[in-house]
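The values are calculated or read from the model by the stated rules, or taken from the named source; none is laboratory data. Keep in mind the model is a prediction, meaning the values are calculated, not measured. Every residue, glycine as well, gets a Cβ built from its backbone with ideal geometry; the counts of neighbours run over all protein chains shown. Surface accessibility is based on the protein's heavy atoms, side chains included, excluding ligands, DNA and RNA. Shrake-Rupley method; radii C 1.70, N 1.55, O 1.52, S 1.80 Å.
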Amino acid sequence: MTFSILGVFCIVLVLAGVLYTWLVLALIVPSAVASCLVLLRATPDELDRETVAFDLVILLFAAVWVLFNAFFAAQHLFVERDPGFYANGAVWVMDNPDLNLQFEDPLNQTAIDSPGFNQGPDRQYIQGTHTFPATLGLIGRFTGLEGLFRATTIFGGLALLAVYSFARQTCRAKWAFLSTATLSVLLPFVYFSRDTYTEPMTIMATFSGLSLMALAYRQKTGWPVWFLGGTCMAIAVALRIDGLLLLAPVVGALAIMIVKMTWGKLAAFSLPVIAGVALLWFDVSQASRFYYTGHRHQMAGLVFLAVVALILGAALAIDRKTVGVFVRFYHWGQSNVSNYMIAVVLAVVGIVFASRPLWFTHEGPQIDPKLEGQRRLYGEVTIDWLVIYLGPLAALLAAVGFVVVAVRLFRGSRLDLLPWFFAFAVTAALYLNIPNITPDQVWASRRFLPMIFPSLAVFVGVALDFGEHKLVRVISTPRLTTNFVVAFLAVIVFPVGLTNPFLTTPNHENLATVKQVCAELDRHDDPVVVWYGVSRAYLAFPTLTVCGHESTTFGRLPATKDGLTTMMEGFDNENRTAIVAVLESDMPTIPGWEDAGFSPVADIEVVDVEKTFEKRPIETSVWQNRVMFAQIMPDGTLKRL
């Protein structure tokens, strides 16, 4: 909860250009204290011993999980995928109160053109939303540069606590713990929690909000708990534009629940969510214009659906006659539709989804006729991806848990779970059909992480809790304890087996390479680095954010003697040291490189989980290279440093 509020303050202040540590502390301390007091009053007074025991166990478990994974956290500074520009943004925020990455561009054509960053009138825009890099950068002010990368695992630990908090409201504490433990060892969760991805923080905010909504509805609390739940959902929206996907199902669920709510509670939840949408819109439209241009239509569509759901819900709440028609139809369904009929229908739908590889190939337009397989979108194998990571037993239990929750909601016994169920159903219906992401694993599983994987883990706990209730009359209490241990090991063994080869392997340890580059640049007076080829994506921005030296690329200039001469004429100080930087693998593409005598300044070794498409990843891949420097002379020739 506190970290969700912290995210709100960080994004607001960084967009205003005043993200000062003292100001954040002045805002977050009283807000955190007030939030804790509200939640203490809303929490049930009496908890059974088992619940208290597992509450303590999950706190210890999350702490150990964070500490263990911190040792193997990535240092993803190379800007070839999302973590690179989030990490560089966070490093910049460590020393700056804003995200205005300034650069000199005297020729108006040599600006940094690294992927993930877009050029504005006088600065570079970090692609996407900025809540996560702003929050991580603030944490980095306390932990230092190396600690900043290890701190990413904190969000993974907080995500586990949020999922446990919600799962405990769907099943008993021991099964909630099993659900959380299952999530904690899934390869996608471990992989993305160790790197600078937004997904773990999104899980934290989303399931904190859903947990507070369920608590507020079930305990009939006042508006403050609803407000806190809305604040968490607001930051989930502000973190990622696909967070807008949560709006319509959550609002639709509230439209059904509003019969037992007051308008004041609905307003307390809705106002911060509306503010979160406005904040997201302002963030990407002002600080990531290129990204906004490409996604504004999808954003507008998702917001429109949420508004329609809100209007219909309000109309139903006001028009009691229409509500009466729905209520009578609902009661007819409860009387005439059996639980077995619901289970059969859902089972048929599941079988159809799972059998798609046998009769369907998901293809899209051919992007490049020369690239084989570009038409494949892999939407038909998404169920296989889920089973790959969860394992057959956990996947089957999750399916059973889904049916159990669906039946309970249909019977009207657990309406507090309706927002979660609707959000999961809508997200799964979309991403299990259209993954909408490059299909190599583990990368493609990102779309499943904020909502689908955590929900499936919760469904596992629901199924086991349901099964134990059915068997409680024929199994003694000691045997139930034994069965918990057996179930725990049976569910955990498969995902642990998949994750095990990568548990002690850090990925993307780029910091050592960047420090070597920085050390070489520090030896020269007023250096400016011109990056060429693949290196422009990998190291152009770390040179600016970590080393603090001016960094640019060839832009539209040719990598020829004339191009280098033109570039040198544009620099304001002819006495400064101008360096052309290139990866060793790209050197043959620079004219005259044989005579230049490039000097190696840094070694690159990138370790990552192997990229696969339809099978599970089982080993790591290693990419090695070297960073080479040569000095640019005023006449455009290159010389050894």
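For segment 78-95, does any single residue satisfy the condition of being under 30 Å from Ala173 (Cβ atoms), surrounded by 20 or more Cβ atoms within 10 Å (Cβ to Cβ) and either more than 17 Å from the chain's Cα centre (by Cα) or not small (Gly, Ala, Ser) (or both)?
no
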Requested in this report: Can you work out which of the residues in segment 96-115 that are open to solvent by less than 10 Å² (accessible area, probe 1.4 Å) and at pLDDT below 70 is nearest to the chain's Cα centre (by Cα)?
Outcome: Ser114
Query raised in the report: Among the residues of segment 132-139, is any open to solvent by 10 Å² or more (accessible area, probe 1.4 Å), β-branched (Val, Ile, Thr) and over 21 Å from Leu390 (Cβ atoms)?
Result: yes
Query raised in the report: For residues in segment 433-442 being touching a residue at least 40 places away in the same chain (Cβ under 8 Å) and in contact with a helix residue (DSSP H, G or I) (Cβ under 9 Å, 6 or more places away or on another chain), which is surrounded by the most Cβ atoms within 10 Å (Cβ to Cβ)?
Result: Val442
Query raised in the report: Across segment 229-276, what is the number of residues that are of a type in the set (A, V, I, L, M) and more than 22 Å from Pro200 (Cβ to Cβ)?
Result: 16
Query raised in the report: Are any residues in segment 141-184 more than 30 Å from Pro44 (Cβ to Cβ) and either open to solvent by 10 Å² or more (accessible area, probe 1.4 Å) or acidic (Asp, Glu) (or both), and if so, which ones?
Result: Arg141, Phe142, Thr143, Gly144, Leu145, Glu146, Gly147, Arg150
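Taking Gly555, is it at pLDDT 85 or above, out of contact with any strand residue (DSSP E or B) (no Cβ under 8 Å at 6 or more places or on another chain) and open to solvent by 30 Å² or more (accessible area, probe 1.4 Å)?
no
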Query raised in the report: Leu271 is checked against (1) at pLDDT 75 or above; (2) within 22 Å of Ala425 (Cα to Cα); (3) not basic (Lys, Arg) and fails just one. What number does that condition carry?
Result: (2)
**Report entry** Flag if Glu605 is at pLDDT 80 or above and either open to solvent by less than 70 Å² (accessible area, probe 1.4 Å) or of a type in the set (D, E, K, R) (or both)
**Finding:** yes
Report summary line: Here the qualifying pairs (Cβ atoms under 6 Å; residues six or more apart or on different chains; first in segment 132-160 and of a type in the set (Val, Ile, Thr); second in a helix (DSSP H, G or I) and open to solvent by less than 10 Å² (accessible area, probe 1.4 Å)) come out as Thr135/Gly7; Thr135/Cys10; Thr153/Asn69; Thr153/Ser193
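Listed here are the residues, each with its yes/no results for (1) touching a His at 6+ places or on another chain (Cβ under 9 Å); (2) within 15 Å of Thr131 (Cα to Cα); (3) surrounded by 23 or more Cβ atoms within 10 Å (Cβ to Cβ); (4) among the basic types (Lys, Arg).
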| position | (1), (2), (3), (4) |
| --- | --- |
| Trp223 | no, no, no, no |
| Phe227 | no, no, no, no |
| Val237 | no, yes, yes, no |
| Leu247 | no, no, yes, no |
| Val251 | no, no, yes, no |
| Ala255 | no, no, no, no |
| Leu280 | no, yes, yes, no |
| Thr293 | no, no, no, no |
Query raised in the report: Just checking, which of Val491, Val534 is buried (at least 18 other Cβ atoms within 10 Å of the Cβ) and at negative phi?
Result: Val491
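Here's the yes/no breakdown for (1) within 29 Å of Pro617 (Cα to Cα); (2) more than 16 Å from the chain's Cα centre (by Cα); (3) assigned to a helix (DSSP H, G or I):
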site: Gly128; (1), (2), (3): yes, no, no
site: Leu138; (1), (2), (3): no, yes, yes
site: Gly156; (1), (2), (3): yes, no, yes
site: Ala159; (1), (2), (3): yes, no, yes
site: Thr170; (1), (2), (3): no, yes, no
site: Lys174; (1), (2), (3): no, yes, yes
site: Thr180; (1), (2), (3): yes, yes, yes
site: Leu183; (1), (2), (3): yes, no, yes
site: Phe192; (1), (2), (3): yes, no, yes
Report task. Being surrounded by fewer than 17 Cβ atoms within 10 Å (Cβ to Cβ) and of a type in the set (A, V, I, L, M, F, W, C) is the filter here, so list the residues in segment 1-26 that pass it. Result -> Ala16, Val18, Trp22, Leu23, Leu25, Ala26
Query - Test: Phe282 is among the hydrophobic types (A, V, I, L, M, F, W, C), under 25 Å from Val33 (Cβ atoms) and part of a helix (DSSP H, G or I) - result: no
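Find the residue count for segment 34-76, including only residues that are open to solvent by less than 80 Å² (accessible area, probe 1.4 Å), assigned to a helix (DSSP H, G or I) and not small (Gly, Ala, Ser).
Here the count works out to 14.
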Query raised in the report: part of a loop (DSSP other than H, G, I, E, B), closer than 30 Å to Leu186 by Cα, in contact with an Asp or Glu (Cβ under 7 Å, 6 or more places away or on another chain) and of a type outside the set (Gly, Ala, Ser) - does that describe any residue in segment 538-553?
Result: no
Report summary line: The condition from (1) part of a helix (DSSP H, G or I); (2) of a type outside the set (D, E, K, R); (3) without any contact (Cβ under 8 Å) to a residue 40 or more places away in the chain that Ser413 misses is numbered (1)
**Report entry** Some residue of segment 559-575 being modelled with pLDDT of 80 or more, surrounded by fewer than 13 Cβ atoms within 10 Å (Cβ to Cβ) and assigned to a loop (DSSP other than H, G, I, E, B)
**Finding:** no
Query raised in the report: Got a number for residues in segment 359-410 being polar (S, T, N, Q) and either at pLDDT 90 or above or buried (at least 20 other Cβ atoms within 10 Å of the Cβ) (or both)?
Result: 1
